[in-house]
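The values are calculated or read from the model by the stated rules, or taken from the named source; none is laboratory data. None of the values given here were measured: they were computed from a predicted structure. As a convention, Cβ positions derive from the backbone with ideal geometry for all residues, glycine included, and neighbour counts pool all protein chains shown. Ligands, DNA and RNA are excluded from the accessible area calculation, which covers all protein heavy atoms including side chains. Shrake-Rupley method; radii C 1.70, N 1.55, O 1.52, S 1.80 Å.
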Amino acid sequence: MPATIEIDNMITVGNLAEKLMIPVSKLIGELMKNGVMATVNEQIDFDTAEIIVSELGLDITLKPAVAEEDTGEARRKRQVSDKAAARPPVVAVMGHVDHGKTSLLDAIRTANVVKGEAGGITQHISAYQVEHKGRLITFLDTPGHEAFAAIREHGADLTDMAVIVVAADDGIKPQTIEAIRFARKAGVKIIVAINKIDKEGADVNRVKQQLAENDLMVEEWGGETVTVEVSAKTGEGIEQLEDMILLLADVEELKADVDVPACGLIIEAHVEQGRGPVAHALVEAGVLRKGDFVVAGSTYAKVRNLETTQGKAINEARPSTPVAMTGFKALPEFADEFTVATSEKAARAQAEANAQAKQSGSNRHGMNSSELIRMINRNNEVQELNVVVKADVQGSLTSVIDSLKAMDTDEVAVRVVASGVGPITENDIGLARTSGAIVYGFNTTMPGNIRQAASRDKVKVRLFKIIYELIDDAKAELSELLLPQVVTTEHGRLVVKGIFKTTRTEVICGGEVTKGKLIAPALVNVFRDDETIASEVQVSNLKRGPQDAKEVQEGEMCGVDLKTEKRLELQEGDRLEFFTRETVERSL
Ligand code: GDP
């Protein structure tokens, strides 16, 4: 077995030589042989290093080190100092639709939220805390439908642990595997909650088997994956699940600094009548207090109300606490980081700097030459569906837009002309009219006067409460933009035995069907030996004897009436190949 050595994406020649345990001069020599002039302190990339190692004939395999900042774990580790205090675990519940995520979260907090949901899908991410055995656990209320994949990916980034729910009567599904992938990518610990054990047909062992097949060997089979058997319906196993979460939290020694300016992540943002922008956030470090100046992305706030996500007023929030806060000048965006500033002036300056950085970042992105070339090429051929998207909260908006964009193909694409949080406005209708866009509203409303404006301006407005219905509608619209597919069907062949009439516009001939079956109306290509002498000539009629015939079978004789655009001089022995051509509407 060759030794495996982890190296960073870029490594100095000196460091690589050290890791390979060879003299640096040997490495420099080999690099030179390969046309790379690099001194001991210069950096080479992973690919170059890999080539050199194989050229040197070393029995070593190089592996790229996972960049620390790629994992949620690394992010947490970096933040912690010696003075850090213990904090509650942040847990995301993920898994396949209908496997019981909502029911489980519901059973845990013993409040019934399942009934009120449109389509049975949690519509946006938020979080709440529960107390178990005198200790707190923070749950992210992570949505379950695939359309929310984008949000879920952010969600996993915030978490210490992922509870992956698998219904015991259904087993592992594609979304379960996707959830496992997200959790792994985010570097979080996984607990598998095998749910619905009360149900007939529940097969816990099958789930464990399937987990093993997906590289999650359960503990009792010698692996490391913790499983808990639960029923969200009867409440069985819920205590054990919470115990297990706390046990894992202890193993992980989850900590955060508290004597630093508070910071964290925005996990939801929406506008409430009378309260203005309301942001839900998860405090990651420090202590957030009412009255603090908070910067989130390109906006800032003096925190007017600080509440739990269930609406209870609080004065301060320590790490791992989900909060709702008001006082923002504008709506922050989902996944914006927030930090506390020393003064209003500092907060405003920071927000403006963030806005500018974002602006120049997006400009730079826009200037990327290969991207630009791709865009230009696409503009030539891609049919675009313009849309204006409005949603109730920032999280849903992000998900809707991501799901719409995910439908882009080489031929058709969704172009979001404008988007925002809140009801449909006159401005949205105006934008849609000038850009020929459809307005999609998700979980939002359209006041009566705006409805009138839309109908006056002939702007299509579609309101949905269930995301996949919205996506299906957009899919149907995109499908209409696809060019229809032309399907050619070959039918049969006739060998000409006699020509009865030839004018400029018509030929009547007779012959034998030597292959397949002839139909009319149809088109024919005419061949003489290997040569095509006419293409796509129309067949207007077939005759079997004196009778008109719809179709004529192989082995039969028949007469053929051809409509020609220019004179066609047929000869005995010519072949007519019959075909039809249809256009078929396509769908995505
Ligand atoms: P989600 O889509 O993963 O959030 O799934 P839900 O929580 O909406 O649950 C889907 C369905 O399964 C609902 O009809 C629930 O009542 C049902 N369900 C969830 N957990 C259990 C359970 O432990 N036992 C039984 N029998 N049904 C359950």
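Things to note:
- Long-range HN-HN contacts of residue 541 with modeled amide H, under 5 Å: 561
- Using a cutoff of 8 angstrom between alpha carbon atoms and counting only pairs six or more residues apart, the relative contact order for the chain works out to 9 percent.
- The calculated 222 nm mean residue ellipticity attributable to helices in the chain amounts to -9000 deg cm²/dmol, summing -39500 (n - 2.57) over DSSP H runs of n ≥ 4 and dividing by all residues.
- The figure for residue 348 is an accessible area of roughly 100 square angstrom, using a 1.4 Å probe on the protein chains alone.
- Vicinal HN-Hα couplings computed from phi for the range 259-264 (Karplus, 6.51 cos²θ - 1.76 cosθ + 1.60; Hz; Gly/Pro x): 9, 10, x, 4, 8, x
- Placing unit charges on the Cβ atoms only, positive for Lys and Arg and negative for Asp and Glu, gives the range 480-588 a dipole magnitude near 280 debye about its Cα centre.
- The simple Förster model, with R0 at 30 Å and r as the Cβ-Cβ distance, assigns residue 566 and residue 485 a FRET efficiency of 0.50.
- Extending 7 Å from the Cα toward the beta-carbon at both residue 531 and residue 455 defines two label points whose distance is 6.8 nm.
- Between amide H atoms placed 1.01 Å from N, distances below 5 Å from residue 95 occur with 165, all of them 5 or more places distant or on a separate chain.
- DSSP bridge pairs, the chain: antiparallel proportion in percent, nearest 5: 70
- The lysines within cross-link reach of residue 290, meaning a Cα-to-Cα straight distance under 21 Å and a gap of 8 or more places when in the same chain, are 302, 312, 329, 345.
- Local electrostatic count, residue 202, Cβ distance below 13 Å [Lys/Arg +1, Asp/Glu -1]: -2
- Taking all Cα pairs closer than 8 Å and separated by 6 or more residues, the relative contact order of the range 485-584 comes to 42 percent.
- Gyration tensor (alpha-carbon) shape descriptor, the range 192-251, a/c threshold 1.5: oblate
- The modelled label-to-label distance for the pair residue 209/residue 275, using points 7 Å beyond Cα in the direction of Cβ, is 5.0 nm.
- Using the Cβ of residue 5 as centre and a radius below 12 Å, the other residues enclosed give a net charge of -3, where K and R count +1 and D and E count -1.
- Note on the range 219-292 and the range 1-47: Cα centroid distance 43 Å, given to the nearest whole angstrom.
- Around the Cα centre of the chain, unit charges on the Cβ atoms of Lys, Arg, Asp and Glu (plus for the first two, minus for the last two) sum to a dipole of about 2000 debye.
- Per-peptide packing, taken as the mean over residues of other Cβ atoms within 10 Å, places 21-30, 292-301, 193-202 in the sequence 292-301, 193-202, 21-30 from highest down.
- Under 5 Å between amide hydrogens, built in the peptide plane, is the criterion, and for residue 132 it picks out 137 among residues at least 5 positions away or on other chains.
- Note on surface exposure: 533, 471 rank 533, 471 by accessible area, highest first, 1.4 Å probe.
- Potential lengthening between residue 476 and residue 505 on full extension [0.36 nm per residue; Cα-Cα distance subtracted]: 6.2 nm
- In terms of distances greater than 21 angstrom between alpha carbons, the cross-link table entries 497/563; 101/390; 543/566; 515/543; 101/208 yield 101/390; 543/566.
- What the phi angles of the range 409-423 give under the Karplus curve with 6.51, -1.76 and 1.60, with θ = phi - 60°, is a coupling list of 10, 5, 9, 10, 8, 8, 10, 7, 6, 7, 8, x, 9, x, x Hz, glycine and proline written as x.
- Selection from 244, 182, 46, by position along the positive dipole direction of the chain (Cβ): 182
- Entries in 189/475; 173/233; 63/83 that, when Cα-Cα distance is taken, lie over 26 Å: 189/475; 63/83
- Cβ-defined net charge surrounding residue 454, 11 Å radius [Lys, Arg +1; Asp, Glu -1]: +3
- Rg/Rh for the range 263-357 (Cα atoms only, Rh after Kirkwood) is 0.93.
- Alpha-carbon centroid distance for the pair the range 487-526 / the range 407-421, whole angstrom: 48
- Two-decimal Rg to Rh for the range 3-64 - Kirkwood Rh, Cα set: 0.90
- Hz values of 3J(HN,Hα) by residue in the range 297-307 - Karplus curve (6.51, -1.76, 1.60), Gly and Pro given as x: x, 9, 10, 8, 8, 9, 5, 7, 10, 10, 9
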